[in-house]
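Undergrad: This is the structure, below, for whatever I ask next.
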């Protein structure tokens, strides 16, 4: 029975990798035919989702695939963090995948009909989509830093294909930039990991509260403890590259505008959270907050997160390109989560956990809204959106709900997570940092209202002088019902999550107060 449960735990990883590789590798001989079969893709996505759920419910608590030494192994463990992260990945990839089937059919038809469109085959997109999904599920389950880093690098390399799909000059440049930032950040994390291993002699296993080797080292050798703090900061900055934290945030506004909307949705809503997970594991499961709280590392980390929150909001407010505006918004909003982790107290950590989930739902909705606008009208700048709500009412209804949630308006879910982040900020030992944190979060909320709700206003209320010409939007650009349904499901979910947030709070309460 134990072996069977271990197999169940690894099934979504194995199936996703194998099915994705096979589907991406198979080509139709007739180039004039559509590049993928919608029923097959929906079937693969559905099976992957079912296996992911079975893994969460019936999978073993731990499994080790192989070991090089007693301290270096490829091991997996199903704790509350793994369950939450892998579950979130699967839900968001499933819904976005359904949307992508309709969106990519339109994209693939363009590839076939136009000699000037040199996009990658849609089968390649869906194949690597499944691979990235599988790797992210495995990443959530990893039981030590070595395993995490191994899958983290695979995720970075495979997700590049999603960014470069259009194969334009801009897409190739963006994919290179994404890869360079990812490798650069991962290299910093690797250096820090090796330094920790050599200095502390620790196991690099994820131990709730941190590895005891750090406490022993702190009490014995202050000089080495300083080196450990430097190594920890390098890992925070390195994993922060994927999360879009300053100074390694530059790939987000470059990659999002050129990637297909479903790719942008999972990049922003899910893949950025892999960097968050890495930082969380290092602070709470390797170093331990007792060794970091009050140190210069915490102060630097808080400063970087608040600078990123403010900078991202300001740049989003000034940006005219819709997807680029959403990308800068992600830079800001994901650093809300990082700020909660940096506070190193239960209330802020509660807010960080909730915002990981809520931001994923809200920002995925917004990027799918952007994809629908592009699908139906081929318009990319917010200055072109006057009256668009009259042509795409359901799209901009779901957009408005998600925008209100991201601002932090109750009862939508974003309010709940931001409330706990503010409470956690005020609970900091340094009152100056605490009040500064609340001030930055509130200013960011006002800027978020400015750059998102202004779109809602011009979309639904264009003014009396608006000339609603029939030719403003393509007649043939009608949005498939499948895309509309996914956006509405996410919008409704964001409201329900805000109203019924208490079960999530109760599930996390004991955990955040143990750390």
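Taken together, the values in this text are just the output of simple stated rules run on the coordinates, not laboratory data. In this text, all values refer to a predicted model and were calculated from it rather than measured experimentally. Every residue, glycine as well, gets a Cβ built from its backbone with ideal geometry; the counts of neighbours run over all protein chains shown.
Undergrad: What is the gain in length, in nm to one decimal, between residue 2 and residue 439 on full extension, counting 0.36 nm per residue of separation less the C-alpha to C-alpha distance? Write down the numbers at each step before the final one.
TA: Working: separation 437, 0.36 × 437 = 157.32 nm, distance 5.13 nm.
Computed gain between residue 2 and residue 439 is 152.2 nm.
Undergrad: If you don't mind, there's one more thing I want to ask. Pairing the Cα long axis of helix 296-318 with the longest principal axis of the chain, what angle in degrees results, from 0 to 90 and rounded to the nearest 10?
TA: Result, in degrees: 10.
Undergrad: Any idea what angle helix 322-343 forms with the longest principal axis of the chain, computed on alpha-carbon atoms, 0 to 90 degrees, nearest 10?
TA: 20 degrees
Undergrad: May I pose another question? If you wrap a convex hull around the C-alpha atoms of the range 365-515 and split its volume per residue, what is the figure in Å³?
TA: Values: hull volume 19.2 nm³, N = 151.
Output value, Cα hull per residue: 127 Å³.
Undergrad: Set the Förster radius R0 to 41 Å, insert the Cβ-Cβ distance between residue 378 and residue 299 as r into 1/(1 + (r/R0)^6), and round the FRET efficiency to 0.05.
TA: Numbers: r = 47 Å, r/R0 = 1.15.
Calculated transfer efficiency: 0.30.
Undergrad: Here's something else I'd like to know. If you average over every viewing direction, what projected area does the convex hull of the Cα atoms of the range 323-376 give, in nm²? Before the final figure, lay out the partial values.
TA: Working: hull surface 13.5 nm².
Averaged projected area of the range 323-376's Cα convex hull equals 3.4 nm².
Undergrad: What number, in nm² with one decimal, is the all-direction average of the projected area of the convex hull of the alpha-carbon atoms of the range 369-425? It would help to have the intermediate numbers written out before the result.
TA: Working: hull surface 19.2 nm².
Spelled out: convex hull of the Cα atoms, projected over all directions, averaged, 4.8 nm².
Undergrad: Ratio of Rg to Rh for the range 185-292, alpha carbon only, Kirkwood? Can you show the working numbers first?
TA: Working: Rg = 15.8 Å, Rh = 14.6 Å.
Rounded to two decimals, Rg over Rh is 1.08.
Undergrad: Further question on the same structure: What translational D, rounded to a whole number of µm²/s, comes out for the range 277-403 from Stokes-Einstein when the hydrodynamic radius is the Kirkwood one over Cα pairs, at 20 °C and 1.002 mPa s?
TA: 132 µm²/s
Undergrad: Another one. Starting with the highest mean, order 186-199, 235-248 by the number of other Cβ atoms within 10 Å, averaged over the residues of each peptide.
TA: Numbers: 186-199: 19.1, 235-248: 25.7.
Taking the mean over residues of other Cβ atoms within 10 Å, the ranking is 235-248, 186-199.
Undergrad: How much FRET efficiency would the formula 1/(1 + (r/R0)^6) give for residue 80 and residue 42, where r is the Cβ-Cβ distance and R0 is 25 Å, rounded to 0.05? Walk me through the numbers before you get to the answer.
TA: Details: r = 31 Å, r/R0 = 1.24.
Step by step, r from the Cβ atoms, then E = 0.20.
Undergrad: Would you mind calculating the gained length between residue 173 and residue 72 on full extension (0.36 nm times residue separation, minus the Cα-Cα distance), in nm to one decimal?
TA: Working: separation 101, 0.36 × 101 = 36.36 nm, distance 3.60 nm.
Additional length available on full extension: 32.8 nm.
Undergrad: Taking the simple approach of a point 7 Å from Cα along Cα-to-Cβ for both residue 64 and residue 481, what is their distance in nm?
TA: 5.4 nm
Undergrad: Here's something else I'd like to know. Take each of the peptides 284-290, 403-409, average the number of other beta-carbon atoms within 10 Å over its residues, and list them starting from the highest.
TA: 403-409, 284-290
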